[in-house]
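Heads up: the structure comes next, in structure tokens.
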Amino acid sequence: MAYSINGDCISCGACADTCPVGAISEGDAQYVIDADVCISCGSCAEGCPVGAISEE
């Protein structure tokens, strides 16, 4: 199951730096996760300083 980023995202980029497959990119208002690329490893959720990432 892929992860997703909610509205609490502060666009710091910490999640993108931790993603081993490059599934996270900067969107218009916040970072976004490409569910087709995400391998559900949880690295992004662990690296998010505000807890804005969870499993869908």
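The values are calculated or read from the model by the stated rules, or taken from the named source; none is laboratory data. What you see is a predicted model, and the numbers here were worked out from it, not measured in a lab. Cβ: placed from backbone, ideal geometry, glycine included. Neighbour counts: every protein chain shown.
Some values worked out for this structure:
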quantity	calculated
Those residues of the stretch 5-19 which are among the polar types (S, T, N, Q) and surrounded by 15 or more Cβ atoms within 10 Å (Cβ to Cβ), in sequence order	Thr18
Pair list, Cβ under 8 Å, 6 or more apart: the stretch 3-15 residue within 7 Å of Ala52 (Cβ to Cβ), other residue among the β-branched types (Val, Ile, Thr) and loosely packed, with under 14 Cβ neighbours inside 10 Å	Asp8/Val50; Cys9/Val50
Listing of strands (runs of 3 or more DSSP E) fully contained in the chain that carry 1 or more residues being modelled with pLDDT of 95 or more and more than 9 Å from the chain's Cα centre (by Cα)	24-26
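Conditions tested, residue by residue: (1) touching a residue at least 24 places away in the same chain (Cβ under 8 Å); (2) hydrophobic (A, V, I, L, M, F, W, C); (3) surrounded by fewer than 17 Cβ atoms within 10 Å (Cβ to Cβ).
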residue	(1), (2), (3)
Ala23	no, yes, no
Glu26	no, no, yes
Ala29	no, yes, yes
Asp34	no, no, yes
Cys38	yes, yes, no
Gly42	yes, no, yes
Glu46	yes, no, yes
Gly51	yes, no, yes
Glu55	yes, no, yes
